[in-house]
Every structure is written in C-alpha cells, then in structure tokens.
Amino acid sequence: MKIEVLTEQIQNTRKDKKWLHELQSPMRYRIYGVGMKECDIYCDHKLIGYIRKNILEVCKGYAHDGLTCFPDTKANRPAGLLHDFGYQTALWPREICDAMIKEVMREREAKFSNIVWLGVRLFGKS
C-alpha cells in the first residue's frame, strides 16, 4: 500500500462541537494497493467524499475527532482524518484503515507511527 497526501489539511478546531475538527477545504489522497471502486460517499444523505481514479476526496465540512489520546500535528493530522473517514464509512476493513494511519504517518515522517498504529489496533472500534 502507498498513500500520497495531495492537499494540506485546512480545518477549524472547535472544542464545543461533537467533532473536534472540521475541514475548511477538501482533502485529497492518492491510494495505491487498496481496492477502491469509483463512487460517491454519503452520510445521512450528505455527500462527504468521493473516489475517482484512485483519488479519495473528502469534502469540505467533513468533521472528525483526530487522533484520540495523541497530539494532532501537521504531520499526523492527514493520517487521523483518513483513518476516521475509513472507520466512519466502512470503505475498507478495519485492518486496512489501521494500516493506512501508519502508512500516512510514515510517509509524512510523523513521529511514533508504530505506537499510534498499535493504539488503533488495540483500542479502535470496528
């Protein structure tokens, strides 16, 4: 598996909301080595993302909680967002979502990718 982060994450952080982070612009990833059919992705009748030509785009306004029990940094935020999106939408099995967080952190040279991966493997919800 190889994942390229194609855009930088621009988000609001709001501690008074159910979800900690909200995208202020779309987030895009190019994903290789994982089965992905072209599709539109909805949650409660709202378009939250789509896949075209191995590129996943998460729409502006998507909200997520970031890395639970671990500080969010510029290097690891895209990994947390992709992981949350994968869990929420069930696009991939849990093992793939967990591998994605590690791959994106490794690619972006974020610290402690193995510890974060172990945390989601042990404590993440399916």
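The values are calculated or read from the model by the stated rules, or taken from the named source; none is laboratory data. Remember, predicted model here, so these are calculated numbers, not experimental data. In this analysis, Cβ positions are derived from the backbone assuming ideal geometry, glycine residues included, and neighbour counts consider all displayed protein chains. Quick note on the areas: whole protein, heavy atoms, side chains included, nothing else; ligands and nucleic acids left out. Shrake-Rupley method; radii C 1.70, N 1.55, O 1.52, S 1.80 Å.
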For this session: Using only protein heavy atoms and a 1.4 Å probe, report how much of ILE10 is accessible, in Å² to the nearest 10.
Result: 100
Exercise. For LYS74 and GLU22, what is the calculated FRET efficiency with R₀ set at 25 Å and r taken between the beta-carbons, to the nearest 0.05?
Worked result: 0.90
For this session: Might you tell me the accessible area per residue for region 52-126, computed with a 1.4 Å probe and given in Å²?
Result: 54
For this session: Throw me the Rg/Rh for the chain, computed over C-alpha atoms with Kirkwood Rh, two decimals.
Result: 0.92
Problem set entry | Of all accessible heavy-atom area on the chain, the percent that carbon and sulfur account for (1.4 Å) | 53
For this session: With label points built 7 Å along Cα→Cβ from the Cα atoms of HIS45 and LYS60, find their separation and express it in nm.
Result: 2.3
Exercise. If you line up the Cα atoms of region 41-81 on their principal axes, what length do they span on each, largest first, in Å?
Worked result: 31, 25, 13
Exercise. Mean residue ellipticity at 222 nm from the helices of the chain, using -39,500 (n - 2.57) per DSSP H segment of n ≥ 4 over the full residue count, to the nearest 500 deg cm²/dmol?
Worked result: -9500 deg cm²/dmol
